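Heads up, the thing below is written out as structure tokens.
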Amino acid sequence: MDLQKQTVNAGVPLAGKAKTAALLSVLSMGLGQIYNRQYAKGILFLTVQCIYIYYIVTSLAGNLVGLVTLGDTPTKLKKVGKLYKNVAGDHSIFMMIYGLVALLFIVILISLYVYNVRDAYRNGLVREQGKRTRSFLESYSHVTQNSFPVILLSLPMLGVMFFTVLPILFMVLMAFTNYSAPDHIPAKNLVDWVGFETFHNLFYLKQWASTFYGVLTWTIIWAVTATLTCYFGGIFVALLIQQKGIKMKSLWRSLFIIPYAIPQFISFLIMRNLLNYQFGPVNQYFRYFGLEGLPWLNDPFWAKVTVILVNMWVGIPVSMVLVLGILTTIPKDLYEAAEMDGASNLQKFRNITFPFILFSTAPILIMQFAGNINNFNVIYLLTKGLPANGDYAFAGSTDLLVTWLYKLTLDNQRYNFASAIGIIIFIIIAAFSLWNYRRSRSFKEEDMVQ
Amino acid sequence: MTSAGKVMKLTLSYILLTLIAVACLYPALWIIMSSFKVGDSLFSETLIPSELTLQHYRDLFLVHSDKQIPYATWYWNTLKVAVMSMLLGTLFQIMTAYAISRFRFAGRKTLMSTLLVLGMFPGFMSMIAVYIMLLQLNLLNTHFALILVYTAGSALHMFVAKGFFDTIPKSVEEAARMDGASHTTIFWRIVLPLSKPIITYIALTTFSGAWVDFIFAKLILRARENWTLAVGLFELVDSYSSTEFTLFAAGAVLAALPVAALFIYLQRFLVDGLTAGATKG
């Protein structure tokens with residue numbers, strides 16, 4: 001092998017092929033491949049480049065300019081002949097989206113270009129060694145064999161790209177514009193870049209700031225309380241079932257899982273009616289016993305208590321199932337040894353059961369916390385964020401950041417504020433989940449089995 | 001502990017268990033009973049109504065001139081969207097999980113972290129953009145758009161499946177490769193048949209996910225006859241809450257049945273799913 005390489009390298013005409021091919025490919029995609037006598041591949045690259053050039057000339061450049069200016073001709077009434085007509089101006093938001101798509105295409109083009117140059121260089125090296133480059137069909141089967149994961153991933157990732165990444169980028173951009181009702185809604189008006197003004201208003205402008213801090217505080221109180229009540233509730237119920245001497249364990253388990261089985265959009269709507277102040281059966285029972293009944297969903301304080309209670313109803317079964325599973329994995333001899341030492345039930349729980357449960361569920365606990373920050377269904381379907389709060393801008397007393405964002409978007413068209421809040425939630429959630437994930441066993445030791 | 005103390009403790013436990021069971025069952029029982037109740041009000045003297053009727057179930061499927069509740073259409077819409085999303089979403093999710101679990105390629109860990117973070121990102125935060133894109137594609141108010149949105153996001157939830165594929169020994173594949181099997185053959189003929197449990201799990205969760213989604217369904221579907229059950233029932237009880245309550249109850253019972261049945265069947269996968277998602281990755 002080495003000998004062959006030396007003799008080949010000694011031949012002058014063969015040297016420098018890699019560099020030439022790479023340079024040609026820098027000049028134009030596909031030229032290096034054609035020089036390497038990989039005609040089909042080269043023509044393919046050339047075609048892609050031509051399509052790109054056509055696209056750049058016809059629309060891409062304009063789209064990029066649009067992304068910067070966000071349009072400069074507003075929709076106006078113009079005199080056409082004798083009549084005034086509404087002449088459509090620039091639509092800032094469409095310009096923004098087209099601009100973003102253009103940017104994405106450029107990123108794809110750049111990576112294709114880099115790939116094209118590297119491919120030309122590599123095949124040039126192969127030729128310098130005097131070997132034959134792959135034919136198109138060989139390349140094709142090589143790609144399908146070695147790039148199998150890429151093929152598998154391409155379609156799902158395209159979906160993620162267009163329906164998750166692109167919208168997120170779009171949302172991030174929106175937070176830096178004044179895209180909001182009533183004065184900056186296309187197509188009637190233009191939208192402009194305003195930098196950090198939205199964030200500044202959110203943090204410092206009186207009404208926005210008081211809403212933001214109020215809602216943020218409640219979101220965190222809610223997430224902590226909801227997570228802990230469901231977690232400890234689940235442990236309690238699981239231990240209750242698993243006690244020695246309790247009969248029909250699986251029957252209890254099946255009964256307790258029922259709340260989890262009912263779709264949330266139904267159970268919350270049921271609860272909302274059950275807890276109706278005037279007609280709801282819960283208050284009817286209270287009145288039957290001569291009590292006043294509680295303003296479950298009508299009073300700001302009680303509404304908060306209610307969402308936490310109702311959430312326990314939905315959330316405890318999940319924790320219960322989880323803890324039941326973990327309890328079966330705790331080695332029995334630990335308890336036997338503890339009993340030999342005369343440990344009480346409480347001591348056994350504190351020193352054996354609970355650490356075991358906590359160890360196995362810590363990551364889930366963190367994810368549930370993150371999930372609760374975004375628990376849209378329980379709030380929106382149960383209270384819609386109500387009761388109203390006079391001090392808040394577009395938010396009610398039980399609104400979480402997410403439901404506030406939803407209302408700002410759908411009901412009030414304050415897109416810039418909604419986007420800014422979205423970014424803040426995203427930072428919180430992303431920090432938690434990444435931290436959690438990097439610590440998890442799977443990320444560090446995933447090659448254990450195999 | 002004395003035997004009297006033990007008996008006390010057990011009795012107390014049974015009382016507690018019974019109370020919890022009542023709390024778990026009551027709302028479900030109440031809605032079922034309400035659906036058989038004569039009349040249409042939320043108010044009821046007793047849990048079990050004195051007179052039972054099937055009229056509300058019949059009403060759901062009858063055509064009314066005074067109110068627009070095309071329940072059968074909503075049901076069919078939901079079923080259509082859920083089944084299509086299940087087929088496509090499961091395929092996408094399995095493809096992603098398989099590629100990430102079984103192959104080592106550049107940028108793999110970055111891709112995993114990215115998917116994880118994106119998966120944590122509540123989908124509806126990006127809904128303005130999705131809305132405008134669908135508007136541009138002329139897809140607003142179609143079920144295809146809903147299926148597209150559910151399917152496009154499915155790769156983000158691949159971690160359970162990835163955890164499962166991680167546990168299939170590499171030797172199985174290597175043996176097949178020695179016999180000259182291609183990647184495609186290995187994927188379709190060897191790995192997928194071995195993965196029936198996880199495919200079932202993903203298919204069923206995807207199905208119920210689409211069945212119960214409220215946020216996107218409400219955003220995308222504008223026309224009443226295009227609504228899914230989640231949107232329809234919400235609007236029903238939101239706008240007619242005091243006058244059409246029993247009708248809502250009947251509608252809710254029928255809407256909950258398939259998903260409740262699925263979940264009871266899925267119970268045994270539940271622990272695996274939850275732990276795999278978090279600890280096994």
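The values are calculated or read from the model by the stated rules, or taken from the named source; none is laboratory data. Bear in mind the structure is a predicted one, so any value in this text is a computation, not a measurement. Here the Cβ positions follow ideal geometry from the backbone for every residue, glycine too, while neighbour counts run over all protein chains shown. Accessible surface is based on the protein model in full, side chains and every heavy atom, while ligands, DNA and RNA are left aside. Shrake-Rupley method; radii C 1.70, N 1.55, O 1.52, S 1.80 Å.
Scanning segment A:417-434 for residues that are more than 10 Å from chain B (Cβ to nearest Cβ) and more than 14 Å from the chain's Cα centre (by Cα) yields A:PHE417, A:ALA420.
Conditions tested, residue by residue: (1) modelled with pLDDT of 85 or more; (2) closer than 29 Å to B:LEU140 by Cβ; (3) open to solvent by 50 Å² or more (accessible area, probe 1.4 Å); (4) not assigned by TED's automatic domain parsing to the domain that holds B:LEU115.
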{"position": "B:GLY209", "(1), (2), (3), (4)": "yes, yes, no, no"}
{"position": "B:VAL212", "(1), (2), (3), (4)": "yes, yes, no, no"}
{"position": "B:ALA252", "(1), (2), (3), (4)": "yes, yes, no, no"}
{"position": "B:LEU257", "(1), (2), (3), (4)": "yes, no, yes, no"}
{"position": "B:ALA260", "(1), (2), (3), (4)": "no, no, no, no"}
{"position": "B:VAL271", "(1), (2), (3), (4)": "no, no, no, no"}
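I'm checking my understanding of the structure. Among residues of segment A:386-415 that are outside any loop (DSSP other than H, G, I, E, B) and open to solvent by 10 Å² or more (accessible area, probe 1.4 Å), which one is farthest from the other protein chains (Cβ to nearest Cβ)? This residue is A:ALA388. Residue count for segment B:90-125 under the criterion of being open to solvent by 20 Å² or more (accessible area, probe 1.4 Å) and of a type in the set (Ser, Thr, Tyr): the result is 2.
The residues listed here are A:PRO259, A:PRO167; of these, the one that is outside the structural domain of A:ALA395 (by the TED database) and open to solvent by less than 30 Å² (accessible area, probe 1.4 Å) is A:PRO167.
Please find, within segment A:280-299, the residue that is nearest to A:ASN389 (Cα to Cα) out of those that are crowded, with 16+ Cβ neighbours inside 10 Å and within 13 Å of chain B (Cβ to nearest Cβ). Per the criteria, the residue is A:LEU297.
Just the residues that are farther than 27 Å from A:MET174 by Cα and assigned to a loop (DSSP other than H, G, I, E, B), please, taken from segment A:358-385.
A:THR383, the sole residue that qualifies.
Residue check: is A:ASN351 under 29 Å from A:TYR392 (Cβ atoms), among the polar types (S, T, N, Q) and assigned to a helix (DSSP H, G or I)? No: the conditions fail for A:ASN351. Given the structure, is A:ALA362 small (Gly, Ala, Ser) and away from chain B (no Cβ under 13 Å)? Judged against the criteria, A:ALA362 is not a match. Looking at A:LEU155, A:LEU202, A:LEU173, which is the one that is hydrophobic (A, V, I, L, M, F, W, C), at pLDDT 75 or above and more than 25 Å from A:LEU100 (Cα to Cα)? Only one candidate qualifies: A:LEU202. The residue that is farthest from B:VAL259 (Cα to Cα), counting only those in segment B:181-219 that are among the β-branched types (Val, Ile, Thr) and away from every other protein chain (no Cβ under 12 Å), is B:ILE190. Would you say A:GLY342 is modelled with pLDDT under 85 and on the phi > 0 side of the Ramachandran plot? Answer is yes for this residue.
Using the structure shown, decide if B:PHE144 is in a helix (DSSP H, G or I), within 22 Å of A:LEU158 (Cβ to Cβ) and more than 10 Å from chain A (Cβ to nearest Cβ). Let's see the steps before the verdict.
Values: in a helix (DSSP H, G or I): yes; within 22 Å of A:LEU158 (Cβ to Cβ): yes; more than 10 Å from chain A (Cβ to nearest Cβ): yes.
Considered against the rule, which asks whether it is in a helix (DSSP H, G or I), within 22 Å of A:LEU158 (Cβ to Cβ) and more than 10 Å from chain A (Cβ to nearest Cβ), B:PHE144 comes out as yes.
Quickly run through segment A:342-357 and pick out the residues that are among the aliphatic types (A, V, I, L, M) and over 41 Å from the mean Cα position of the chain (by Cα). Residues satisfying the conditions are A:ALA343, A:LEU346. Filtered by the rule that a residue be among the aliphatic types (A, V, I, L, M) and surrounded by fewer than 17 Cβ atoms within 10 Å (Cβ to Cβ), segment A:216-238 gives A:ILE220, A:ILE221, A:VAL224, A:LEU228.
Listed residues A:SER254, A:SER210, A:SER180; which is surrounded by fewer than 22 Cβ atoms within 10 Å (Cβ to Cβ), under 30 Å from B:LEU254 (Cα atoms) and modelled with pLDDT under 85? So the residue among A:SER254, A:SER210, A:SER180 that is surrounded by fewer than 22 Cβ atoms within 10 Å (Cβ to Cβ), under 30 Å from B:LEU254 (Cα atoms) and modelled with pLDDT under 85 is A:SER254. Selection over segment B:183-206 of residues that are part of a helix (DSSP H, G or I), within 16 Å of B:VAL160 (Cα to Cα) and either touching a helix residue (DSSP H, G or I) at 6+ places or on another chain (Cβ under 9 Å) or open to solvent by less than 40 Å² (accessible area, probe 1.4 Å) (or both) gives a count of 13.
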